[in-house]
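Novice: First the structure, then my questions, so here it is.
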Amino acid sequence: MNCKKGSNYKKSNIWEGVPCLAIILLLFGGIGYVMGVSQMLNTLMKTAHDLLLNTVFYLMGVTVLTGAIGKLFTEFGVVNLLEKILRPLMRPIFNLPGVASLGAVMTFLSDNPAIISLAQDKRFISYFKKYQFISLTNFGTAFGMGLLVIVFMMGQGYFAEPIIGFVGACIGCMISTRLMQRYILKEYPNFANELACEESFEELEEQKSENKSLFIRILNSLLDGGRTGVDVGLTIIPGVLIISSFVMLLTFGASAEGVYTGSAYEGVELLPWLASKISFVFEWLFGFTDPHLIAFPITALGAVGAALGLVPTFLANGWADGNSIAVFTAIGMCWSGYLSTHTAMLDSLGFRELTSRAVLAHTIGGLGAAIVAHWLYVLYTFI
């Protein structure tokens with residue numbers, strides 16, 4: 001009987017494997033035809049290697065530091081203070097406890113995965129219902145690398161435009177977070193009343209030793225939070241390497257000489273080509289006056305840092321203006337490489353099956369952020 005079940009299992013895998021293999025061969029066969037098979041493979045491996053060294057380890061450093069700071073804040077009551085002060089603002093806008101603002105601050109100062117460091121702390125998540133806890137992925141991502149994006153744009157000589165973009169990102173965050181919560185409750189209605197942490201906040205507070213000195217409490221908080229950050233950094237490796245490498249392969253083009261050398265970050269420019277076919281939509285929604293500007297949101301899907309690198313070229317060629325800077329800030333903050341981090345973040349939270357919903361909600365939220373920033377800029381120019 002067991003052998004028969006095993007036979008059925010193998011037959012099922014065979015039939016599922018045929019379309020899977022066909023899609024993979026078609027996709028990578030087409031890319032290999034354009035780039036050359038050896039160049040494509042070299043580019044994938046070198047891109048993944050560079051991402052590991054220069055992106056993942058950087059993010060691990062970020063999560064270690066933010067994990068330590070977050071643990072320190074929870075140990076000494078900052079979390080409780082934020083909950084009481086910001087509750088009137090957070091609940092009506094984002095439908096989250098006031099303490100979630102700490103996650104926004106941490107991701108704004110660092111990057112998306114910083115929210116996971118906080119989400120590993122039981123005292124932090126004791127404020128959340130389960131559906132709210134899961135939506136932290138969308139909420140935190142919308143502020144990822146916000147400080148870097150705003151400072152970079154101001155460094156290009158713009159001041160009001162990045163602030164307008166920040167407001168747009170906040171609106172996009174609200175759209176993304178509430179959409180994600182709606183998707184979760186639709187699929188898991190019981191999450192509306194289930195707590196994210198089974199233990200109450202009071203029980204967790206009682207677990208703290210009353211006899212520890214101030215120095216020991218600080219030291220334990222920093223080390224325990226940093227250790228959590230290391231675990232998070234290891235968790236995000238597969239998502240960043242696999243998804244980012246693939247997105248960049250479809251986003252970037254050949255080398256500066258116009259040939260494929262197998263170096264990191266080369267590609268076939270499929271995504272920008274597809275976007276150029278509907279450039280009139282971006283012009284109407286975002287106010288883009290040049291089709292080259294579409295490359296920024298496309299690149300921001302995988303890495304906002306890479307997208308920022310395009311801005312000086314846009315400005316030097318006269319393609320970008322104040323409206324573009326406002327839109328870039330909004331969509332750069334709100335998306336901030338979410339395609340490469342959402343999977344890893346939800347995986348670390350234990351809800352990988354909701355990744356497609358989170359990506360859809362955040363796509364809509366980012367588009368909303370860009371549209372709001374564009375029309376706010378139009379209003380600003382009239383004023």
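Novice: So LEU89 clears everything in (1) without any contact (Cβ under 8 Å) to a residue 24 or more places away in the chain; (2) at positive phi; (3) touching a Ser or Thr at 6+ places or on another chain (Cβ under 9 Å) except one condition, right? Which one?
Specialist: (2)
Novice: Can you tell me which of (1) of a type outside the set (Phe, Trp, Tyr); (2) within 30 Å of PHE108 (Cα to Cα); (3) free of Cβ contacts under 8 Å to residues at least 40 places away in the same chain is the one THR47 doesn't meet?
Specialist: It fails just one condition, (3).
Novice: Residues being among the aliphatic types (A, V, I, L, M) and surrounded by fewer than 24 Cβ atoms within 10 Å (Cβ to Cβ): count how many of those fall in region 347-370.
Specialist: Here the count works out to 6.
Novice: Same structure again: If I ask for residues that are of a type in the set (Phe, Trp, Tyr) and at pLDDT 80 or above, which ones from region 221-254 would you list?
Specialist: PHE246
Novice: Which number in (1) under 19 Å from LEU53 (Cα atoms); (2) surrounded by fewer than 24 Cβ atoms within 10 Å (Cβ to Cβ) marks the one condition that GLY322 misses?
Specialist: Of (1) under 19 Å from LEU53 (Cα atoms); (2) surrounded by fewer than 24 Cβ atoms within 10 Å (Cβ to Cβ), only one is false for GLY322: (1).
Novice: Taking ASP347 as the residue in question, decide whether it is among the charged types (D, E, K, R) and within 22 Å of the chain's Cα centre (by Cα).
Specialist: yes
Novice: For the structure I just gave you, tell me whether GLY309 is buried (at least 17 other Cβ atoms within 10 Å of the Cβ) and not hydroxyl-bearing (Ser, Thr, Tyr). Even if it seems obvious, please write down each step before you answer.
Specialist: On the way: buried (at least 17 other Cβ atoms within 10 Å of the Cβ): no; not hydroxyl-bearing (Ser, Thr, Tyr): yes.
In short, no.
Novice: Sticking with this one: Here is a list of conditions, (1) among the aromatic types (Phe, Trp, Tyr); (2) touching a residue at least 24 places away in the same chain (Cβ under 8 Å); (3) farther than 22 Å from GLY70 by Cα, and PHE133 meets all of them except one; can you say which number that is?
Specialist: (3)
Novice: Also, quick follow-up: Tell me, which helices (runs of 4 or more DSSP H) lie completely within region 108-203 with 2 or more residues that are modelled with pLDDT under 85, among the small types (Gly, Ala, Ser) and under 30 Å from VAL311 (Cβ atoms)?
Specialist: Qualifying helices (runs of 4 or more DSSP H): 114-119.
Novice: Where residues in region 365-383 are without any contact (Cβ under 8 Å) to a residue 60 or more places away in the chain and part of a helix (DSSP H, G or I), which of them is farthest from GLY165 (Cα to Cα)?
Specialist: PHE382
Novice: Can you report the number of residues in region 50-71 which are free of Cβ contacts under 8 Å to residues at least 60 places away in the same chain and farther than 14 Å from SER110 by Cβ?
Specialist: 2
Novice: A further question on this structure: The conditions are (1) closer than 21 Å to MET145 by Cα; (2) modelled with pLDDT of 85 or more; (3) small (Gly, Ala, Ser); (4) out of contact with any Phe, Trp or Tyr (no Cβ under 7 Å at 6 or more places or on another chain), and SER324 fails exactly one of them. Which is it?
Specialist: The single condition SER324 does not satisfy is (4).
Novice: Collect the residues in region 29-45 that are crowded, with 16+ Cβ neighbours inside 10 Å and either in contact with an Asp or Glu (Cβ under 9 Å, 6 or more places away or on another chain) or on the phi < 0 side of the Ramachandran plot (or both), keeping them in residue-number order.
Specialist: The answer is ILE31, GLY32, MET35, GLN39, MET40, ASN42, THR43, LEU44.
Novice: Can you pull out the residues in region 146-166 that are crowded, with 24+ Cβ neighbours inside 10 Å and within 17 Å of THR63 (Cα to Cα)?
Specialist: Within region 146-166, just GLY146 meets the criteria.
The values are calculated or read from the model by the stated rules, or taken from the named source; none is laboratory data. Because the structure is predicted, anything quoted here is derived from the model rather than measured. Because the Cβ atoms are built from the backbone with ideal geometry, glycine has one as well, and the counts that use them run over all protein chains shown.
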